[in-house]
1. Please verify whether Asn192 is crowded, with 21+ Cβ neighbours inside 10 Å, within 25 Å of Asp108 (Cβ to Cβ) and of a type outside the set (D, E, K, R), treating the condition exactly as stated.
2. Does Ser197 satisfy being among the hydroxyl-bearing types (Ser, Thr, Tyr), touching a residue at least 24 places away in the same chain (Cβ under 8 Å) and surrounded by fewer than 21 Cβ atoms within 10 Å (Cβ to Cβ)?
3. Quick one: in the range 120-140, of everything that is charged (D, E, K, R) and within 22 Å of Thr105 (Cα to Cα), which residue is nearest to the chain's Cα centre (by Cα)?
4. Would you please name the residue that is farthest from Arg134 (Cα to Cα), looking only at residues in the range 166-181 that are surrounded by fewer than 20 Cβ atoms within 10 Å (Cβ to Cβ) and modelled with pLDDT under 90?
5. Quick one: count up the residues across the range 77-92 that are buried (at least 18 other Cβ atoms within 10 Å of the Cβ) and either at pLDDT 85 or above or part of a helix (DSSP H, G or I) (or both).
6. Here are the criteria: (1) surrounded by fewer than 22 Cβ atoms within 10 Å (Cβ to Cβ); (2) modelled with pLDDT of 90 or more; (3) under 28 Å from Glu69 (Cα atoms); (4) touching a helix residue (DSSP H, G or I) at 6+ places or on another chain (Cβ under 6 Å). Tell me which single one Asp108 does not satisfy.
7. Out of Ala100, Ala90, report the one residue that is at negative phi and touching a Ser or Thr at 6+ places or on another chain (Cβ under 6 Å).
8. Using the structure shown, decide if Val150 is touching a helix residue (DSSP H, G or I) at 6+ places or on another chain (Cβ under 6 Å), surrounded by fewer than 15 Cβ atoms within 10 Å (Cβ to Cβ) and not hydroxyl-bearing (Ser, Thr, Tyr).
Amino acid sequence: MSDQQLFREVDEEVRQDRYQQLWKTYGTYAVIAAVVIVGATIAGVLWRDAQQSARDADSARFLDAVVQESVQSDSALLQLRELAQDGTPAYRFLAQLREARLLATQGDKAQALAVFDSIAADSDLRGTYRDLARLLAVANGLDVLSQSEVEARIGPLNTDGHPFRVTAREFLAVAAIQAGERERAAELLRANQSDSSAPVASRARATELLTAIGL
């Protein structure tokens, strides 16, 4: 093996280590950003929907399941699944999101993704909710999804005017970095840098990531 070949291989190993460290560092921020989106969505449109529903009984069922999560997760999953089947529309949606998140926390990423994907495919839901499910699928499964799977789920969210475009670009960029597609990552991060509507923190992370990958 020539010195040049050896240097290339060492450089690639270092680069892969750097990418893994980037995900450990910035993946948390991306998930937090997604959680903020969930909170904003529930506080806004979803809350208005719930206000118009016969929600009192379903609210009690949902809260009971949440309490059960920390002491008896299997029971919580069963309650959430029942609520997802026969609850009012807003709480069916919330129950599915909670079920998927609980499954992901337990390490069952495949089943969690299946639940998120079923929400995204539900034509009875508003587009905002379905897009949110796509985003959360990636937020909870980015460590097991390929770049093409990430692109398939949230690539369509990277459009001008879409409310989730900034977070989607961040996830897409991390997936590209993991796949070694630095130019694709740079394109997405620069889009966030130049997006005047992007939060300051998102623009700052984009700058830091670009510096970290040497672009």
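1. On the way: crowded, with 21+ Cβ neighbours inside 10 Å: yes; within 25 Å of Asp108 (Cβ to Cβ): no; of a type outside the set (D, E, K, R): yes.
Against the criterion (crowded, with 21+ Cβ neighbours inside 10 Å, within 25 Å of Asp108 (Cβ to Cβ) and of a type outside the set (D, E, K, R)), Asn192 does not qualify.
2. Numbers: among the hydroxyl-bearing types (Ser, Thr, Tyr): yes; touching a residue at least 24 places away in the same chain (Cβ under 8 Å): yes; surrounded by fewer than 21 Cβ atoms within 10 Å (Cβ to Cβ): yes.
When the stated conditions are applied, Ser197 passes them.
3. Our first condition is that a residue be charged (D, E, K, R); within the range 120-140, this holds for 122, 124, 126, 130-131, 134.
Subsequent filtering for residues that are within 22 Å of Thr105 (Cα to Cα) retains 130-131, 134.
Working: Arg130: 12, Asp131: 10, Arg134: 7 Å.
If we take residues in the range 120-140 being charged (D, E, K, R) and within 22 Å of Thr105 (Cα to Cα), then Arg134 is nearest to the chain's Cα centre (by Cα).
4. We begin by selecting, within the range 166-181, every residue surrounded by fewer than 20 Cβ atoms within 10 Å (Cβ to Cβ); these are 179-181.
Pick out the ones that are also modelled with pLDDT under 90 and you get 179-180.
Details: Ala179: 20, Gly180: 23 Å.
Applying the filter and picking the extreme gives Gly180.
5. Initially, the range 77-92 is screened for residues buried (at least 18 other Cβ atoms within 10 Å of the Cβ), giving 77, 79-80, 83-84, 87-92.
Cutting the leftovers down to either at pLDDT 85 or above or part of a helix (DSSP H, G or I) (or both) gives us 77, 79-80, 83-84, 89-92.
Of the residues in the range 77-92, 9 are buried (at least 18 other Cβ atoms within 10 Å of the Cβ) and either at pLDDT 85 or above or part of a helix (DSSP H, G or I) (or both).
6. The single condition Asp108 does not satisfy is (4).
7. Details: Ala100 fails: touching a Ser or Thr at 6+ places or on another chain (Cβ under 6 Å).
From the options Ala100, Ala90, the qualifying one is Ala90.
8. On the way: touching a helix residue (DSSP H, G or I) at 6+ places or on another chain (Cβ under 6 Å): yes; surrounded by fewer than 15 Cβ atoms within 10 Å (Cβ to Cβ): no; not hydroxyl-bearing (Ser, Thr, Tyr): yes.
When the stated conditions are applied, Val150 does not pass them.
The values are calculated or read from the model by the stated rules, or taken from the named source; none is laboratory data. Predicted model, so just to flag it, every value in this text is computed and none were measured. Every residue, glycine as well, gets a Cβ built from its backbone with ideal geometry; the counts of neighbours run over all protein chains shown.
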